Amino acid sequence: GDVAALDTARCLRERGILSLGYGADEYEARKPILIERDGVRIGMLSYSCLSTNGENYAGTTVPGVPLLSIRSMEDDMRTIRPLADVIILFFHWGLENEQTVVLDQIKLARSAIDLGANAVVGSHGHVIQPFEFYNGGFIAYGVGNFLFGDVACQTTGPEGGVRHGIVR
């Protein structure tokens, strides 16, 4: 819960490891990370879709994750744009075990690029989802899992039938 998440964030900070996407309040949860490497300033923001994260959204005095919304992206992009050459947004969204994306993901990702993001990286589905280049930006709708157990999944075959399987 919140105690463990806040403790993890504290431990990371004490060791000089940057993290984002969770905080003691909404301001801290939405706070960007800025990294400079080889003269390139990289800014990162993170958001979570309302339908994928239960009830742990940050508020003015409540710890949690930042809610994915156009208004938040607009405000945060305005703040980070002068400080970063490259902006990457991380979204926790989409349907679990589903290799296709829903229309809202496409709309939100393309809106982020239109607002000035260079890339959008999605997670939550536990399977790899499509990627695209849009209006000069890169969108990875779902990057799958780095380390996770087997996941049952289903896809739609070319003939329209449902296929069931395991993603390892």
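The values are calculated or read from the model by the stated rules, or taken from the named source; none is laboratory data. Here the structure is a predicted model, which means the values were calculated and not measured. FYI the Cβ positions are ideal-geometry reconstructions off the backbone, even for glycines, and counts take in every protein chain you see. SASA here: full protein model, heavy atoms, side chains in, ligands and nucleic acids out. Shrake-Rupley method; radii C 1.70, N 1.55, O 1.52, S 1.80 Å.
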* Asked: Hey, what angle do you get for helix 70-80 against the long axis of the chain, alpha-carbon based, 0 to 90 degrees rounded to 10?
  -> 50
* Asked: How far, in nm, would the chain grow between K107 and D2 when pulled straight, counting 0.36 nm per residue and subtracting the alpha carbon separation?
  -> 34.7 nm
* Fluctuation leader among V121, V40, V143 - the chain, Gaussian network, Cα springs under 10 angstrom -> V40
* Multiply the residue separation of R78 and V143 by 0.36 nm, subtract the distance between their alpha-carbon atoms, and state the gained length in nm to one decimal. => 20.7 nm
* Structure fact -> In Å³ per residue, the alpha-carbon convex hull of the chain encloses 141
* Asked: Expressed in nm to one decimal, what extension gain is obtained for the pair V162 and I42 from 0.36 nm per residue of sequence separation less their Cα-Cα distance?
  -> 39.1 nm
* With Cβ to Cβ distances under 13 Å as the rule, what net charge do the other residues near L83 carry (K, R +1; D, E -1)? -> +1
* To do: Note down the net charge around R30, summing +1 for each Lys or Arg and -1 for each Asp or Glu among other residues with Cβ under 9 Å from its Cβ.
  => -3
* To do: Calculate how many DSSP beta bridges within segment 1-128 are antiparallel, expressed in % of all such bridges and rounded to the nearest 5.
  => 30
* What is the helix-to-structure angle for 2-14, meaning the angle in degrees between its Cα long axis and the longest Cα principal axis of the chain, kept from 0 to 90 and rounded to the nearest 10? -> 60
* Structure fact -> Judged on accessible area alone, 1.4 Å probe, highest first, V86, V3 line up as V3, V86
